[in-house]
Amino acid sequence: GGHASAALHKELQDNWQFVYEVTAATHMSGPYSISGVMRERFLSDNSYGYPAYIAYVTMGYQEGYGDLYTDIHNFFKEPFVTNILNFKNGTINLTTLNSQLISLLAASGDTVNKRMIQDSILERMVNEPDYSLNLHLQDNDRYNWAPAGPTRLYYCGGDKQVPFQNAIVADSAMNALGAPDTHAESKGATLDHGPCVFPSILSSIAFFQSLLISSTID
């Protein structure tokens, strides 16, 4: 959600400002640093509780760019491919896929996500900066731009799904690029992804209301 809203914000600012001027925006717990923070998490030797995201992103990029594989078995190992294809075909949803992938990983010793991926793919990701998947990840980063209007990046420190470092990286990059009023704000030092939603929504409402009040006074 946060990544999608940031992508829409950037698209409107870059190409549609003459029709839809962005007065202000908030983005919540988004994976803005796909090629940095998220890639490091996916390639980590530590467990990550959302292996289905790796499958989801990979298949999405295959549909969008068309150059990651000719057969999905060339990218993912069995027994994971069967479950991933069940998701692709609509037999199961993303939550079910995630549970199944975690169970399969755990059955063979741990839940390190990268064990789902073919060794040849991992080697290219690590050793070839210009490998197509690495380039696609960079293409989908949404932190390396400067919002023109007031923008808030809400996050929570205990987020296990989308690491809070995404917001910190985005805040730093956007301000370095000259964003006049962009700030990352924590909505809870220990809150996970789901519990972070409500305080982020409340803060968004208060933020937008403060701009309305300011505009009225002016």
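For this structure, a couple of remarks:
- Count of region 3-39 residues which are of a type in the set (Gly, Ala, Ser), in a helix (DSSP H, G or I) and under 30 Å from residue 123 (Cα atoms): 4
- Residue that is nearest to residue 140 (Cα to Cα), among those in region 1-25 that are of a type in the set (A, V, I, L, M, F, W, C) and surrounded by 13 or more Cβ atoms within 10 Å (Cβ to Cβ): 7
- Any hit, region 79-95, residues being closer than 29 Å to residue 159 by Cβ, surrounded by fewer than 20 Cβ atoms within 10 Å (Cβ to Cβ), among the hydroxyl-bearing types (Ser, Thr, Tyr) and under 17 Å from the mean Cα position of the chain (by Cα): yes
- Exactly one residue out of 116, 28 is in contact with a Cys (Cβ under 9 Å, 6 or more places away or on another chain) and either modelled with pLDDT under 95 or open to solvent by less than 70 Å² (accessible area, probe 1.4 Å) (or both): that is 28.
- When residues in region 154-176 are screened for being outside any loop (DSSP other than H, G, I, E, B) and either within 22 Å of residue 24 (Cβ to Cβ) or open to solvent by less than 40 Å² (accessible area, probe 1.4 Å) (or both), 13 of them pass.
- When 189, 179, 146, 184 are checked against the criterion of being open to solvent by 80 Å² or more (accessible area, probe 1.4 Å), among the hydrophobic types (A, V, I, L, M, F, W, C), modelled with pLDDT of 95 or more and outside any helix (DSSP H, G or I), 189 stands alone in meeting it.
- Among the residues of region 192-204, those that are among the small types (Gly, Ala, Ser) and either buried (at least 16 other Cβ atoms within 10 Å of the Cβ) or touching a residue at least 60 places away in the same chain (Cβ under 8 Å) (or both) comprise 200, 203, 204.
- Filtered by the rule that a residue be open to solvent by less than 70 Å² (accessible area, probe 1.4 Å), in a loop (DSSP other than H, G, I, E, B) and closer than 17 Å to residue 118 by Cα, region 40-70 gives 43, 44, 51, 68, 69.
The values are calculated or read from the model by the stated rules, or taken from the named source; none is laboratory data. Since the structure is predicted, the reported quantities are computational estimates derived from the model, not experimental observations. Heads up, the Cβs are rebuilt from the backbone with ideal geometry, glycines too, and the neighbour counts pull from every protein chain shown. Accessible surface is based on the protein model in full, side chains and every heavy atom, while ligands, DNA and RNA are left aside. Shrake-Rupley method; radii C 1.70, N 1.55, O 1.52, S 1.80 Å.
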